[in-house]
Ligand code: HAM
């Protein structure tokens, strides 16, 4: 017996129903917002991921050498790949470019419930729009996707990395260390780093700032803490709240939270995270914000913003909140009775499938009663029994599985009888 690798999952038919339910809701919403699908390779050059984040990121990647000695890595997310693709090939498309992508991603993490080494994301990006309108549009899509999945217990926490960065007057590498400490809520590390940089007095206001969370009024409190730093950012967040209201997003769907820092290094402006509280430790179902990557890959500076939702976690949240709709049941299961009936049964099967019905047929040669048990077990709505004598008379026996009611139906009327 072989075991699957640590941190990976198998998905059985029931699990896939849940996953496809969530994924299809995202795709429907994204397309209704005018996003179009793209796809990039599952592995990329390792350099792509170290270009912005530095070599330390390699510890979190599935990095390897191929047989030609090239350094490669499985994608840990899609944004970096999409921006590489944009800078190399998509720049001539009309802007703003709105794209979405779904698929698997890989991170070398310590696995636990909701945190895997292979997981799935639903991702959307807007490249080259005006920052405020684009940020509002991606937030609206993220929140509306939650609604479309039927999740009630969700809240987007919105922060602004530009505000935090303007309060940390250090070179980017030092800023990154401080932001990492803030992201991990590691106040000890924050203190030590600020002491190293000779700015220990920033520790108290920063500690205070990251505790602030609530409605628009929180922005006033945060402004008081920061003094002159981040003025523009606060105005921006107020305007964003106004736009979100225009999208019909209720004030209870989001909060401002100055402690949202994000784990990835490329964010520059508005950032957000979405939690589903009933998931326990790994409750963050999504995150995103405005970032700068196009320039690193040789593109011109444009506004870039987007988000990714964690499909594995969303499927768990949807299950916990009981929102998953069952997949469409099989319309009919055909039971040929006797070998001579099989050829005609296959012809009927094919014509029903061509007419758009979901139809299965006995592949084992079981007797009628065992076949009815099977039809029941696979959830078919009708069983269609085809015996030689009935076929000669141009009839089938159609049994409604839920009620057990059986009717003789002329073959010409079979398709209509399945519509009921
Ligand atoms: P992220 O916050 O790293 O952002 O990941 C987004 C979501 O993917 C998380 O909120 C979580 O639900 C899910 N996720 C991440 N790691 C795991 C894991 N190991 N196991 C299960 N689920 C996981 C990004 O990836 C950015 N690229 C989002 C973005 C797009 N920003 C701008 N554009």
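The values are calculated or read from the model by the stated rules, or taken from the named source; none is laboratory data. Remember, it's a predicted structure, so these values are computed and weren't measured experimentally. Ideal geometry is used to build each Cβ from the backbone, glycine not excepted, and the neighbour counts take in all protein chains shown.
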> Before we move on, is residue 195 away from the ligand (no atom under 16 Å from the Cβ) and either over 31 Å from the mean Cα position of the chain (by Cα) or over 30 Å from residue 316 (Cβ atoms) (or both)?
Replying inline: yes
> Applying the selection to the stretch 89-114, what residues are in contact with a helix residue (DSSP H, G or I) (Cβ under 6 Å, 6 or more places away or on another chain) and surrounded by fewer than 17 Cβ atoms within 10 Å (Cβ to Cβ)?
Replying inline: 108
> Among (1) closer than 19 Å to residue 165 by Cβ; (2) without any contact (Cβ under 8 Å) to a residue 12 or more places away in the chain; (3) touching a strand residue (DSSP E or B) at 6+ places or on another chain (Cβ under 9 Å), where does residue 230 come up short?
Replying inline: (2)
> What are the residues in the stretch 345-367 that are surrounded by 16 or more Cβ atoms within 10 Å (Cβ to Cβ), free of Cβ contacts under 8 Å to residues at least 60 places away in the same chain and outside any loop (DSSP other than H, G, I, E, B), if any?
Replying inline: 345, 349, 359, 360, 361
> Considering only residues of the stretch 20-33 that are buried (at least 19 other Cβ atoms within 10 Å of the Cβ) and more than 12 Å from residue 101 (Cβ to Cβ), which is nearest to the chain's Cα centre (by Cα)?
Replying inline: 22
>> With the requirement that a residue be away from the ligand (no atom under 11 Å from the Cβ) and within 27 Å of residue 8 (Cβ to Cβ), what does the stretch 89-124 give you?
In response: 102, 103
> In the stretch 269-301, which residue that is part of a helix (DSSP H, G or I) and within 11 Å of the ligand (Cβ to nearest atom) is surrounded by the fewest Cβ atoms within 10 Å (Cβ to Cβ)?
Replying inline: 282
> Among the residues of the stretch 1-13, which ones are surrounded by fewer than 11 Cβ atoms within 10 Å (Cβ to Cβ) and either at pLDDT 95 or above or in a helix (DSSP H, G or I) (or both)?
Replying inline: 2, 3, 4, 5, 6, 10, 12, 13
> If residue 304 passes every condition in (1) closer than 27 Å to residue 11 by Cα; (2) modelled with pLDDT of 95 or more; (3) touching a strand residue (DSSP E or B) at 6+ places or on another chain (Cβ under 7 Å); (4) within 14 Å of the ligand (Cβ to nearest atom) but one, which one does it miss?
Replying inline: (1)
> All but one of (1) in a loop (DSSP other than H, G, I, E, B); (2) farther than 30 Å from residue 85 by Cβ; (3) touching a strand residue (DSSP E or B) at 6+ places or on another chain (Cβ under 8 Å) hold for residue 334; which doesn't?
Replying inline: (1)
> Hey, among 127, 141, which residue is under 18 Å from residue 22 (Cβ atoms), surrounded by 22 or more Cβ atoms within 10 Å (Cβ to Cβ) and within 13 Å of the ligand (Cβ to nearest atom)?
Replying inline: 141
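Conditions tested, residue by residue: (1) crowded, with 17+ Cβ neighbours inside 10 Å; (2) under 19 Å from the mean Cα position of the chain (by Cα).
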site: 35; (1), (2): yes, yes
site: 48; (1), (2): yes, no
site: 52; (1), (2): yes, no
site: 59; (1), (2): no, no
site: 64; (1), (2): no, no
site: 68; (1), (2): no, no
site: 73; (1), (2): yes, no
site: 81; (1), (2): yes, yes
site: 87; (1), (2): yes, no
